[in-house]
Amino acid sequence: MTFYAFFGAVEQGFAYGLMVIGVYLTFRILDFPDLTVDGSLPLGASVSAVAITSGHSPLVSIFMAGGAGFLAGMITGILNTKFKILHLLASILSMIALYSINLRIMGRPNMALLGQETVVDRFREWTGMLPQHSTPLLFAVICFAVVAVLIWFLHTEQGLAFLATGDNMQMITSQGVNTDNVIIFGVGLSNALVAASGALVAQNQGAADVNMGVGTIVAGLASVIIGETVFGDKTVSRALVAALLGSVLYRIAIALALGMKLGSFSITPSDLNLITAVLVVVALVMPRIKRKFLAGRAVQ
Amino acid sequence: MISVTGMIKAFNKGDVNEVTALSGVDLEVADGDFITIIGSNGAGKSTFLNALAGMFPIDAGRVVLDGTDITRWPEYKRAALIGRVFQDPLLGTCAGATIEQNLAMANKRGLKRGLGKGVRTRDREFFREKLAVLGLGLEDRLKTHTGLLSGGQRQALTMLMATLVRPKLLLLDEHTAALDPKTGAMVLDLTDEIVGTEKLTTLMVTHNMKEAIAMGNRLIMFHRGRIVLDIKSEEKKNLRVEDLLQRFADLRGGDGVVSDRMLLG
Ligand SMILES: Nc1ncnc2c1ncn2[C@@H]1O[C@H](COP(=O)(O)OP(=O)(O)OP(=O)(O)O)[C@@H](O)[C@H]1O
Ligand SMILES: [Mg+2]
């Protein structure tokens, strides 16, 4: 891998870092498999693109994207807790609805940011660095700042209730916590991060596209799993950092895979969803196989 | 003071599987009453405790606690007034959280949770003192994840958590049934001690008749969703297991054999 490709992968890893942290919050902490993210990533991109082209500051547009993502996540949470729709189905409904909403927001399937100034440009000018260095640095700073805030939050009184809601709902209800509210807030927070990530990605690649969200959840899961396997998840603080770094490792792995050639066969970007899905399946099945294998050996 | 009147609860209403778990329960509990509850399988004991805790809406009846009608309060809101220990030791504590984090969460039962530190340094000393009473050495393991504790240790911790903020009502549903006899006896001693010293109003379900007679100041028996026996203070002191079985058999009009599980208990 060239140095250039490596920096590109790191940049992608941090651009999608907030998305991966969002997926970690729902999938691992709240135990709420949330497919809304496939819709809220392009939602964030659309909101940011429309906001920038209509004259808002690119930085403000990221917060607007986050707000929109929060609302989308809240709706999934409400469908699940108040209307008793299974979490997976609730999130699929939101995801499908968001496809139409994103088209409405942009008024067309995609929107270019050509000639518009983005946070990426501003940061490069401000630091005076080469773009291949300044962009990953900017995204990394944003991601680590968010991780720091989350680590602080998860150690507050509210944060403990948040952790317990995903771990043992009966216990935390018996301690007087309204878990419906925690879930609605938590899924909202997760999607706010995913949408903010969508805004960063759009500003980085100079365009928003309704289809850019396809496979987000799978990429998010793969990153979370790679992160916890490589860096461990003994404490929430560690697991959060691991998820973020997992995002970077995942993008590096993809860059490596794309560069591979087996004779005349080479992997194309369109194969990535399949590869990622297989990777997630392997990661989910591995612990079980390992346990069986160990149990089998113990008997002998 | 807790007063339950005309409590009715049916599950799977309008379905072929409809069961009336509670068919009109009335109960007045005085402050400081420690009531043991017995009854055969499916008699409605757990349903009664769960209904008091607000886990589901009841079909009819009223629950009044200290003059406040809490019939329509959701479970999390009633938790401010009610402490609980479940039969399943896994239900009472959060496995992924440490002992001190669990206690910190319990220390906020019914109180507003903010963005202050989850576990405060000054709380740790208080937690250590409380844990020392259990005599399990947990006071030196504040940072241990509760998922690593044994069932008995978790149940003792749950008992502590349920009473850390003084509850107006303590609900114990066969909370020693899943433990081995020795650990069960330890948790039961702990129950007696905490309930006794704090003078907590308590309802305890058990299948052990000796336990039901030995503990508390009042004994009630559920049968087919109703309270069929209510034995108080003096009378309860002189009660023997045989008396109880006889009275149960009489109640059923001598039509049936008393269930094995009750006899064995
Ligand atoms: N959630 C539920 N859904 C359907 N039926 C239920 C439910 N909970 C309890 N029941 C039924 O209500 C009746 C009373 O059950 P309950 O659990 O209150 O009995 P119990 O006295 O606690 O018995 P045990 O001694 O076996 O614990 C039983 O017929 C039971 O099958
Ligand atoms: Mg029961």
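The values are calculated or read from the model by the stated rules, or taken from the named source; none is laboratory data. Given the structure is predicted, the values throughout are model-derived calculations rather than measurements. Neighbour counts are summed over all protein chains in view; Cβ atoms, including those assigned to glycine, are modelled from backbone coordinates with ideal geometry. Only protein heavy atoms, including side chains, enter the accessible area calculation; ligands, DNA and RNA are left aside. Shrake-Rupley method; radii C 1.70, N 1.55, O 1.52, S 1.80 Å.
For the protein assembly as shown, what proportion of DSSP beta bridges, expressed in % and rounded to the nearest 5, is antiparallel? Can you show the working numbers first?
Working: 28 of 45 bridges.
So the antiparallel bridges amount to about 60 percent of the total.
Could you tell me what percent of the DSSP beta bridges with both partners in chain B are antiparallel, to the nearest 5? Taking every DSSP beta bridge within chain B, about 55 percent pair in antiparallel fashion. Legend: mean number of C-beta atoms from other chains within 10 angstrom of residue C-beta atoms, peptide B:118-125, equals 2.
Compute the signed sum of charges (Lys and Arg +1, Asp and Glu -1) over the other residues within less than 10 Å, Cβ to Cβ, of A:M95. Don't skip to the end; give the middle numbers.
On the way: positive: none; negative: A:D34, A:D38.
Net charge in that neighbourhood comes out at -2.
The distance between label points at B:L111 and A:D31 comes to 2.7 nm (points 7 Å beyond Cα on the Cα→Cβ vector).
I need the GluC sites (Glu not before Pro) found in segment A:112-210, filtered to DSSP loop residues with at most 13 other beta carbons within 10 Å of theirs.
Details: sites: A:E117, A:E125, A:E157; in loops: A:E117.
Answer by residue number: A:E117.
Strictly greater than 26 Å: what percent of every Cα pair in segment A:188-300 meets that? More than 26 Å apart: 32 percent of the Cα pairs in segment A:188-300. Residue ranges B:154-162, A:158-166 sort as B:154-162, A:158-166 when ordered by packing (mean number of other C-beta atoms within 10 Å per residue, highest first). The heavy atoms of B:I8 offer some 60 square angstrom of accessible surface to a 1.4 angstrom probe. With all protein chains in place and a 1.4 Å probe, the accessible surface of chain A carries 68 percent carbon and sulfur. Across segment A:3-269, counting alpha-carbon atoms alone, Rg and Dmax equal 18.3, 63 Å. Mean residue ellipticity at 222 nm, helices only, the protein assembly as shown: -18000 deg cm²/dmol; runs of at least 4 DSSP H residues each add -39,500 (n - 2.57), and the sum is divided by the number of residues. With Cα atoms defining each centre, segment A:216-248 and segment B:119-142 are spaced 33 Å apart in the structure. Sorted from longest to shortest, the spans of the Cα atoms of segment B:97-166 along the three principal axes equal 31, 21, 21 Å.
For the set A:F32, A:F153, solvent exposure ranked by accessible area (probe 1.4 Å, protein chains only) runs largest to smallest as A:F153, A:F32. Accessible surface for segment B:172-234, divided over its residues, is 43 Å² per residue with a 1.4 Å probe.
The local environment of B:N50, defined by Cβ-Cβ distances under 12 Å, has a net charge of +2 under the rule Lys, Arg +1 and Asp, Glu -1. Using alpha-carbon positions, what is the distance between the centroids of segment A:35-109 and segment B:1-41, in Å? Cα centroid of segment A:35-109 versus Cα centroid of segment B:1-41: 46 Å apart. Measuring with a 1.4 angstrom probe and ignoring ligands and nucleic acids, A:W152 comes out at about 130 Å² accessible.
Ignoring ligands, DNA and RNA, please state the percent of accessible area on chain B from carbon and sulfur, probe 1.4 Å. Walk me through the numbers before you get to the answer.
Numbers: 6160 of 11980 Å².
That share works out to 51 percent.
If you take every residue apart from A:I52 with its C-beta less than 12 Å away from the C-beta of A:I52, what net charge results, scoring Lys and Arg +1 and Asp and Glu -1? Provide the component values of the computation, followed by the final result.
Details: positive: A:R122; negative: A:E117, A:D121.
That works out to -1.
In this structure, the residue pairs whose Cα-Cα separation is over 28 Å, taken from B:K168/B:K232; B:K108/B:K236; A:K290/B:K117; B:K77/B:K182, are B:K108/B:K236; A:K290/B:K117; B:K77/B:K182.
In Å², and per residue, what accessible area does segment A:3-269 have when probed at 1.4 Å with the other protein chains present?
Details: 10870 Å² over 267 residues.
On a per-residue basis, 41 Å².
Tell me: how much accessible area in total is hidden between B and A, 1.4 Å probe, Å², nearest 100? Mind dumping the intermediate values first?
Values: alone 12960 and 14900 Å², together 25740 Å².
Result for this pair: about 2100 Å² buried.
Note that segment B:97-166 presents 43 Å² accessible area per residue, ligands and nucleic acids not counted, probe 1.4 Å. Cα centroid separation, segment A:164-184 to segment A:254-298: 36 Å.
When chain B is treated as a GNM with alpha-carbon contacts under 10 Å, the residue of B:L81, B:L148, B:L90 showing the greatest mean-square fluctuation is B:L148.
Counting Cβ atoms of other protein chains within 10 Å of each Cβ in A:159-167 and taking the mean gives 5. Residues B:L172, A:L294, ordered by accessible area of protein heavy atoms at a 1.4 angstrom probe radius and largest first, appear as A:L294, B:L172. Within 10 Å of the Cβ of each residue in B:67-79, the mean number of Cβ atoms contributed by other protein chains is 2.
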